[in-house]
Amino acid sequence: GENVEQHPSTLSVQEGDSAVIKCTYSDSASNYFPWYKQELGKRPQLIIDIRSNVGEKKDQRIAVTLNKTAKHFSLHITETQPEDSAVYFCAAGGGGADGLTFGKGTHLIIQP
Amino acid sequence: SAVISQKPSRDICQRGTSLTIQCQVDSQVTMMFWYRQQPGQSLTLIATANQGSEATYESGFVIDKFPISRPNLTFSTLTVSNMSPEDSSIYLCSGAGGHTEAFFGQGTRLTVV
């Protein structure tokens, strides 16, 4: 089955700086790669996703890149703000019909 | 995007008993899934809830322990049977369909005492 590795487990950055979280996956059949933000006590919220026919996607301060050959994808957050502090999960799946395999999560801390 | 209502939001249960969690989606979705999130951990897929047929379970999860129903395209239940303290966790349902991204219910925080 699919295996998703996520790094780092904890990331502390100064407010205004950029944050990068990286994930690798094992199953070349995976074609859907979402990123979720989870605040304490709340449900995971989709923040951005990318499909395998696209190499990069951007939404305001958030971007995701995908390298299918190397089987890795990354989340980039620019101009970080205190409200970006949360746990971020990457995931991989077949897209719609399949459930998702999640990485272990990254605790992002934005230092004021 | 669609909204999932999940209930109960939390419960404290005695060991050996069972709890049924319900999820209602406000629009039809092709797929519904159930996940478990242990405290401070990531999400693990339990099973895919198939409409009108038996659920498809992931390795390590069995129907006797986690029976699932999905009588129509907008509703599903997960039962946690014969509970033990190790079942204490957050259980989340998810819906997805076509090019609709997977979205989650608010979760059920289960504590088994």
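The values are calculated or read from the model by the stated rules, or taken from the named source; none is laboratory data. Note that this is a predicted model, so its numbers are computed, not measured. No Cβ is skipped: glycine too gets one built from the backbone with ideal geometry, and neighbour counts run over all protein chains shown.
Conditions (1) outside any strand (DSSP E or B); (2) touching a residue at least 40 places away in the same chain (Cβ under 8 Å); (3) more than 27 Å from A:H107 (Cα to Cα), marked per residue:
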{"residue": "B:G16", "(1), (2), (3)": "yes, yes, yes"}
{"residue": "B:Q22", "(1), (2), (3)": "no, yes, yes"}
{"residue": "B:W34", "(1), (2), (3)": "no, yes, no"}
{"residue": "B:T44", "(1), (2), (3)": "no, no, no"}
{"residue": "B:G52", "(1), (2), (3)": "yes, no, yes"}
{"residue": "B:R70", "(1), (2), (3)": "no, no, yes"}
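Evaluation of B:Q28 against the conditions (1) among the polar types (S, T, N, Q); (2) surrounded by fewer than 17 Cβ atoms within 10 Å (Cβ to Cβ); (3) in contact (Cβ under 8 Å) with a residue 24 or more places away in the chain; (4) under 20 Å from B:I90 (Cβ atoms) shows that the sole unmet condition is (4). Of the residues B:L110, B:L78, B:L92, the single one that is out of contact with any helix residue (DSSP H, G or I) (no Cβ under 7 Å at 6 or more places or on another chain), of a type outside the set (S, T, Y), buried (at least 16 other Cβ atoms within 10 Å of the Cβ) and more than 13 Å from every other protein chain (Cβ to nearest Cβ) is B:L78.
Summed over the range A:28-39, the residues that are part of a loop (DSSP other than H, G, I, E, B) and at pLDDT 95 or above give a count of 1. When the criteria are applied in full, A:N31 meets the requirement of being in contact (Cβ under 8 Å) with a residue 60 or more places away in the chain and surrounded by 13 or more Cβ atoms within 10 Å (Cβ to Cβ). Quick one: would you say A:H107 is under 21 Å from A:E15 (Cβ atoms), surrounded by fewer than 17 Cβ atoms within 10 Å (Cβ to Cβ) and either charged (D, E, K, R) or within 15 Å of the chain's Cα centre (by Cα) (or both)? Taking the combined requirement at face value, the residue satisfies it. Considering the range A:57-99, the residues that are surrounded by fewer than 13 Cβ atoms within 10 Å (Cβ to Cβ) and assigned to a strand (DSSP E or B) include one that is farthest from the other protein chains (Cβ to nearest Cβ), namely A:N67. Checked against the criterion of being modelled with pLDDT under 95 and of a type outside the set (D, E), the candidates B:Q6, B:Q37, B:Q28 yield just one match: B:Q28.
Looking at (1) among the charged types (D, E, K, R); (2) in contact (Cβ under 8 Å) with a residue 24 or more places away in the chain; (3) more than 25 Å from A:G1 (Cβ to Cβ), which is the one condition that is false for A:K57? Just one mismatch for A:K57, condition (2). Within the range A:10-27, can one find any residue that is at positive phi and out of contact with any Gly (no Cβ under 8 Å at 6 or more places or on another chain)? Within the range A:10-27, one or more residues are at positive phi and out of contact with any Gly (no Cβ under 8 Å at 6 or more places or on another chain).
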